[in-house]
Amino acid sequence: MRRHPVSSSALASVGYDAARRILEVEFLHHGIYRYLGVESAIYRALLAAESKGRYFQACIRDRYPHERLA
């Protein structure tokens, strides 16, 4: 999956596969994680958020099954 750099103090890049509803998040210091079953609206809201780290904490972390990739 192709990830795109984001401006954030916590996240380095994010990518999304709409067909499989998979979100990948690369953290600056904690590796890459894949989140399953994420709606496209959540991905769009993450990209639009003023603070991507805060949005991730509030709306994605601990709300979706995930696995660490690297």
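Spin-label model, R63/M1: points 7 Å from Cα along the beta carbon direction are separated by 1.6 nm. In the context of the full set of protein chains, the range 23-70 has a per residue accessible area of 62 Å² (1.4 Å probe). Other residues lying with their Cβ under 14 Å from the Cβ of A10 contribute a combined charge of +1, Lys and Arg counting +1, Asp and Glu -1. Here percent of Cα pairs over 19 Å apart was computed from the coordinates, and among [x] 54; [y] 19; [z] 34 the match is [y].
Summarise the accessible area of the chain (1.4 Å probe, protein heavy atoms) by the percent that is carbon and sulfur.
Values: 2110 of 4390 Å².
Within the chain, the accessible surface is 48 percent carbon and sulfur.
What is the sum of charges around A45, taking Lys and Arg as +1, Asp and Glu as -1, for the other residues whose C-beta is under 15 Å from the C-beta of A45? Please report the intermediate quantities before stating the final value.
On the way: positive: R21, R44, K52, R54, R61, R63; negative: E39, E50.
That sum, taken over residues with Cβ under 15 Å, equals +4.
Taking every alpha-carbon pair under 8 Å whose residues sit at least 6 apart, the chain reaches a relative contact order of 28 percent.
The values are calculated or read from the model by the stated rules, or taken from the named source; none is laboratory data. Please read all numbers here as calculations on a predicted model, not as lab measurements. Heads up, the Cβs are rebuilt from the backbone with ideal geometry, glycines too, and the neighbour counts pull from every protein chain shown. Remember, those area values only see protein heavy atoms, side chains included, never the ligands or the DNA or RNA. Shrake-Rupley method; radii C 1.70, N 1.55, O 1.52, S 1.80 Å.
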